[in-house]
Amino acid sequence: MNELRLSVRTRLTAWYGGLFLLAGTALLVTNYILVAATLPQAGTAVAAARALPAYADIPAQSGRTEVAQTIELTVQDYRDSVLGTLLLQSIVALVITVVLAVGVGWLMASRVLEPLHSITGAAHRLEADNLDQRIKHDGPDDELKDLADTFDGMLDRLAGAFDSQKRFVANASHELRTPLAVQRTLIEVAMGAPGASPDLARLGKHLLDTNERSEKLIDGLLLLARSDRGLSSRVPVRLHEVVEDVVESCSELAAERGVEITRSSRSRIVLGDPVLLSHLVSNLVRNAVLYNKPGGSVRVDVGGEPALEVVNTGEPIPVDVVPGLFEPFRRLRTERLAGNGTGLGLSLVRSIAAAHHGSVSARPHEGGGLVLQVNLPVTDVRPGPMYGKIG
């Protein structure tokens, strides 16, 4: 059972209204007691009437008794009428003023909490590609202004950290690629030298494979860092055409491994980065082919809900192992360390999907393999340049 969740504005309004109701009730009771104490009592009115000379002129004792009773009834009716009218009108006035107080309290609470709404809105809008947003609260110098200024200071530090990360990624891209390219060139030159021995050729081939694996690992890490930073720009991308290109590029690999790829495609346009989306699709389809069984199959569905689904056959995968596959350098089996993979494929897929405000999920496929689903938000794309085929 879900608990009732009241906003701060509602609770403040309830406090304002409740305190006003208590104060108004106390005022009403005090006023009622004071008025009741000042109104004449029936016995007091009769005693005062008996002291008058006109009362003594009444001839018979029975007549005097009748007059006293009449005075007593008249005074009591007057007293009851005055107190009843006072009570009714006071209650009506209290109800009206409490309603007005609740309305004023609601507006006051909204005014007081406006900086908090600004902070919440800024936090919701905050992404890696728009860290320049600030609250800039210009209200009175109070606790809420301190909170807003503290939040702005935190955003300044975050922006500085992200800028530093961007510079690091750019520098790392150059510093890491350059020595690997030099190593690859030196190895190829040594292998192509006249009189190179077979042992040297085998060693060179092994070093080239290691070099290639290092390049792929660096590319994957840099791409992961880029997608984790968010998107600097978004353009309409025809996801179904990206899938078509990736499936076509993987067809030769699938034929070598005896895997059949089938595709079900409907038009789907996504707002995002075409290069990153191409990497996302390529990682899913290539992994589905590489980690398959001979004579297996891969089914790729695009354009529905979810936006992309890749299903492959293969060895059975335990349910409790699936979440760990999205962690960097995690594999189903450790012997994959010797393969061509880097262990970043699904990590990249998850990071790229998150950068596009989407998500990715996986579950074991009946009979073996995985079912991978990528959910991407549906957007209304305005006319303009659109990307489909990459490269």
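Okay, here's what the table says:
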| read-out | value |
| --- | --- |
| The stretch 118-134 - residue that is modelled with pLDDT under 75 and in a loop (DSSP other than H, G, I, E, B) and, of those, surrounded by the fewest Cβ atoms within 10 Å (Cβ to Cβ) | Asp132 |
| Output for the stretch 345-368, where each listed residue is crowded, with 16+ Cβ neighbours inside 10 Å and in a helix (DSSP H, G or I) | Gly345, Leu346, Ser347, Leu348, Val349, Arg350, Ser351, Ile352, Ala353, Ala355 |
| Residue check, Thr185 at pLDDT 85 or above, loosely packed, with under 13 Cβ neighbours inside 10 Å and in a helix (DSSP H, G or I) | yes |
| Single residue of the stretch 286-336 satisfying the filter (of a type in the set (Lys, Arg) and at pLDDT 85 or above) that is surrounded by the most Cβ atoms within 10 Å (Cβ to Cβ) | Arg286 |
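The values are calculated or read from the model by the stated rules, or taken from the named source; none is laboratory data. Since we're looking at a predicted model, the values are computed, not measured. So basically every Cβ, Gly included, is an ideal-geometry build from the backbone, and we count neighbours across all protein chains shown.
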